[in-house]
Amino acid sequence: KAFRALQDAGVLELMTCTATHGFLPLLRSEPSSVRAQVLTGAANHEKLFGSPARGVWLPECGYYPGLEEVLQEAGFRFFIVETHGILHADVRPRYGVMAPIACANGVAAFGRDPESSRQVWSATDGYPGDFDYRDFYRDIGFDRELDYIAPYILDKKIRIHTGFKYFRITGRTETKEPYNPEWARNKAALHAGHFLGQKEEQIARAAHAMDRPPIVVAPFDAELFGHWWFEGPMWLDFLMRKTHSHGQHVVLATPSDYLERHPTLQKATPSASSWGFKGFNECWVSGENDWVYPQVHSVSRRIHELVRLFEGKPADSLTRRALKQAARTALLIQASDWPFIMKTGTSREYARKQVCDHVARFNFIEQSLRTKTIDERKLGALEVLDNIFPDIDYRVFK
């Protein structure tokens, strides 16, 4: 509701994502599932926020040529790609990533600015690694004596992150100094001013060679601000205030703002790309997780077949419920988080179990539909377990 209020006040533009963040380049062989991911995400956004999204965040910035056709069908005006998606377009981009390009059907592609990414995201070269900022990894759940924290953890034995962090980054050392909020606040203000100055220089360098104002596209994971980088929201606040009061050549704008002011774009198709390791698909299909995709593709084909099987037939309410649950389950299987977690190794067994459980649930629902033996009690249990998208239209998989 807070985001919607800011949107309705005209100070925030909300983009959407696909239904379950499915990595679309590896779903390309199943076009009905690509369409289901995109259209379900668009419909759910409009339901929740009261108006359609004009832009879409492609999961992991994963793009392949031709995807823009589905994006246009969903009503999207623009999307964002990784830097090399623009630089390696089929036609050399005249302005690099300092201006969007338009696919053949008119959908605009904005390229991520690599300089902004390095400054704000990198813990080694960017602002979040400054020695005066709060150290994310040092938590009293591991730093203090067990007797001290025992009354505040579930079993009084297993150490956990409490959220109480006493230290600043200090340096590349295990010996940390206490966190000083005033020092951190001053650094956030200093870094906001530095970032603004860097963007003004960057824009000035590009402007003399362009027939329109350059745009610097700076997208970041929201979890950076306040989570990994505790002072991140403070930095954003300083940046917006400094831009408003001191910015000489920089104006804060959304992609839609830019397209309204500069609707004529160079025609070019971005290259296949993502912002994952090495810039393509390797992160989501490698030795640790490649077993997932035969399962994903099998379920994607079968949900398509199921929907077509019942097309045009009058379905009773129980059958419709089963088809909707099959659609939900198929979308959950396609989530890019599962192979990503397997690749990084953070919770590999959890991700493996999620995929296997969802596949088993889909198999059960499919068998029930094909044999016309739907057990309403068991179906109800699955509806409780996987209750995403209550208003899903299963026909989107057709």
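Among the residues in region 57-70, are any among the hydroxyl-bearing types (Ser, Thr, Tyr), open to solvent by 30 Å² or more (accessible area, probe 1.4 Å) and within 28 Å of residue 294 (Cα to Cα)?
Here is the first cut: in region 57-70, the ones among the hydroxyl-bearing types (Ser, Thr, Tyr) are 63-64.
Now restrict to residues that are open to solvent by 30 Å² or more (accessible area, probe 1.4 Å): none.
No, every residue in region 57-70 fails to be among the hydroxyl-bearing types (Ser, Thr, Tyr), open to solvent by 30 Å² or more (accessible area, probe 1.4 Å) and within 28 Å of residue 294 (Cα to Cα).
Do you know which residues across region 107-136 are outside any helix (DSSP H, G or I) and in contact (Cβ under 8 Å) with a residue 60 or more places away in the chain? Steps first, please.
Step one: of region 107-136, the residues outside any helix (DSSP H, G or I) are 107-113, 122-126, 130-136.
Hits for region 107-136 are 108, 109, 110, 111, 112, 113, 123, 130, 133, 134, 136.
Just checking, how many residues over region 341-372 are more than 23 Å from the chain's Cα centre (by Cα) and of a type in the set (A, V, I, L, M, F, W, C)?
Counting residues in region 341-372 that are more than 23 Å from the chain's Cα centre (by Cα) and of a type in the set (A, V, I, L, M, F, W, C) gives 7.
Among the residues of region 167-193, how many are in contact (Cβ under 8 Å) with a residue 40 or more places away in the chain and either more than 13 Å from residue 133 (Cβ to Cβ) or within 29 Å of the chain's Cα centre (by Cα) (or both)?
Selection size over region 167-193: 9.
Just give me the residues in region 117-154 being open to solvent by less than 100 Å² (accessible area, probe 1.4 Å), modelled with pLDDT under 90 and in contact with a Lys or Arg (Cβ under 9 Å, 6 or more places away or on another chain), in sequence order.
153
Hey, can you tell me all the residues within region 251-275 that are assigned to a loop (DSSP other than H, G, I, E, B), touching an Asp or Glu at 6+ places or on another chain (Cβ under 8 Å) and open to solvent by 20 Å² or more (accessible area, probe 1.4 Å)?
Of everything in region 251-275, those that are assigned to a loop (DSSP other than H, G, I, E, B), touching an Asp or Glu at 6+ places or on another chain (Cβ under 8 Å) and open to solvent by 20 Å² or more (accessible area, probe 1.4 Å) turn out to be 254, 269, 271, 275.
From the residues in region 294-323 that are of a type in the set (Gly, Ala, Ser) and in contact with a Leu (Cβ under 9 Å, 6 or more places away or on another chain), which one is most open to solvent (accessible area, probe 1.4 Å)? I'd like the intermediate steps shown before the answer.
Of all residues in region 294-323, those of a type in the set (Gly, Ala, Ser) come to 298, 300, 312, 315, 317, 322.
Keeping just the survivors that are in contact with a Leu (Cβ under 9 Å, 6 or more places away or on another chain) gives 300, 315, 322.
Details: 300: 1, 315: 26, 322: 2 Å².
Checked region 294-323; the qualifying residue most open to solvent (accessible area, probe 1.4 Å) is 315.
Is it true that residue 130 is closer than 28 Å to residue 217 by Cα and of a type outside the set (Ser, Thr, Tyr)? Full working, then the answer.
Details: closer than 28 Å to residue 217 by Cα: yes; of a type outside the set (Ser, Thr, Tyr): yes.
Spelling it out, residue 130 is indeed closer than 28 Å to residue 217 by Cα and of a type outside the set (Ser, Thr, Tyr).
Condition first: assigned to a helix (DSSP H, G or I), modelled with pLDDT of 95 or more and of a type in the set (Phe, Trp, Tyr). Can you find one or more residues in region 168-182 that meet it?
If we filter region 168-182 for residues that are assigned to a helix (DSSP H, G or I), which is where we start, we get 181-182.
Okay, now just the ones that are also modelled with pLDDT of 95 or more, so 181-182.
Subset that is of a type in the set (Phe, Trp, Tyr): none.
No, region 168-182 contains no residue that is assigned to a helix (DSSP H, G or I), modelled with pLDDT of 95 or more and of a type in the set (Phe, Trp, Tyr).
Suppose we filter 291, 284 for residues that are under 30 Å from residue 358 (Cα atoms), out of contact with any Asp or Glu (no Cβ under 6 Å at 6 or more places or on another chain) and surrounded by fewer than 18 Cβ atoms within 10 Å (Cβ to Cβ); which single one remains? Walk me through how you get there before you give the answer.
Details: 284 fails: surrounded by fewer than 18 Cβ atoms within 10 Å (Cβ to Cβ).
When all the criteria are applied, what remains is 291.
Check region 27-34 and report whether any residue there is open to solvent by 30 Å² or more (accessible area, probe 1.4 Å), assigned to a helix (DSSP H, G or I) and basic (Lys, Arg). Step through it out loud before you land on a result.
Let us first name the residues in region 27-34 that are open to solvent by 30 Å² or more (accessible area, probe 1.4 Å), namely 28-29, 31.
Cutting the leftovers down to assigned to a helix (DSSP H, G or I) gives us 31.
With the extra rule that they be basic (Lys, Arg), the set shrinks to none.
So far as region 27-34 goes, no, none of its residues is open to solvent by 30 Å² or more (accessible area, probe 1.4 Å), assigned to a helix (DSSP H, G or I) and basic (Lys, Arg).
Among the residues of region 332-371 satisfying the criterion of being modelled with pLDDT of 95 or more and assigned to a loop (DSSP other than H, G, I, E, B), which is surrounded by the most Cβ atoms within 10 Å (Cβ to Cβ)?
My answer is 334.
The values are calculated or read from the model by the stated rules, or taken from the named source; none is laboratory data. Everything numeric here is computed off the predicted structure, so don't read it as measured data. Note that we place each Cβ from the backbone using ideal geometry, even for glycine, and neighbour counts take in every protein chain shown. Each accessible area value is taken on the protein alone, full model and side chains, heavy atoms only, with ligands, DNA and RNA left out. Shrake-Rupley method; radii C 1.70, N 1.55, O 1.52, S 1.80 Å.
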